[in-house]
Amino acid sequence: DAKTTQPPSMDCAEGRAANLPCNHSTISGNEYVYWYRQIHSQGPQYIIHGLKNNETNEMASLIITEDRKSSTLILPHATLRDTAVYYCIVRSYDKVIFGPGTSLSVIP
Amino acid sequence: GAVVSQHPSRVICKSGTSVKIECRSLDFQATTMFWYRQFPKQSLMLMATSNEGSKATYEQGVEKDKFLINHASLTLSTLTVTSAHPEDSSFYICSARDPPNGEKLFFGSGTQLSVL
């Protein structure tokens, strides 16, 4: 599976959009980009995933660049409950390997 | 979404004893489950892949005799930490994919193990 690079931490003001970047320059053609988040002392929660096209669901939007070497997770209106560690993962199938992720702090 | 139930949520045990953690898929069948371990302020580390009806596949560096995995049914996988030591104290999390060949991974709520 391709390796991902994320900033270790970010802050976001409550009510504003949180944009979390992820670099995956070695991604191959059949590998999906997945985002999960983990709130302290809980199991990770699936957010969204995509292959080439941008995706949106009730939680977030995923923007994937045309060359697929990077992506951005967008939380449109961050709330305090969105404070968590966000993991960007690239995989083709089978097991999911987690990197260090980005610790997002939503500030009142 | 699918629900993965993990039990217990917290356990304290003495050194040298064994502890069993259960992971159940509540509303779907899971031919494969994954076990992770997480130390404080660190990311999740994949320990092993549990396969229903066959032996688990362990990641490099994970002792199979210490972390016994049994996946006897399509809805239950267990992780037994044998002869626990204080350094085994960690947050253990299981996950499963629904459907079995699907794209989403669902996680249990985790088990905090403290070995005294």
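The values are calculated or read from the model by the stated rules, or taken from the named source; none is laboratory data. These numbers were taken from a predicted model, which means no experiment stands behind them. Using ideal geometry, Cβ is built from the backbone for each residue, glycine included, and neighbour counts are taken over all protein chains shown.
Quick notes
- Among the residues making up the range B:99-116, those that are part of a loop (DSSP other than H, G, I, E, B), within 11 Å of chain A (Cβ to nearest Cβ) and either within 17 Å of the chain's Cα centre (by Cα) or more than 18 Å from A:Y46 (Cα to Cα) (or both) are B:G108, B:S109, B:G110.
- Which numbered condition A:I107 misses (of (1) exposed (fewer than 13 other Cβ atoms within 10 Å of the Cβ); (2) within 14 Å of another protein chain (Cβ to nearest Cβ); (3) over 14 Å from the mean Cα position of the chain (by Cα)): (2)
- Criterion (surrounded by 17 or more Cβ atoms within 10 Å (Cβ to Cβ) and part of a loop (DSSP other than H, G, I, E, B)) met by exactly one of B:A48, B:A96, B:A84: B:A84
- Residue in the range A:4-12 that is at pLDDT below 95, assigned to a loop (DSSP other than H, G, I, E, B), away from chain B (no Cβ under 11 Å) and closer than 17 Å to B:L44 by Cβ present: yes
- The criterion of being within 11 Å of chain A (Cβ to nearest Cβ) and surrounded by 17 or more Cβ atoms within 10 Å (Cβ to Cβ) does not hold for B:A56.
- Screening A:I97 with (1) within 28 Å of B:R10 (Cβ to Cβ); (2) of a type outside the set (S, T, N, Q); (3) within 11 Å of chain B (Cβ to nearest Cβ); (4) not in a loop (DSSP other than H, G, I, E, B) gives one miss only, at (4).
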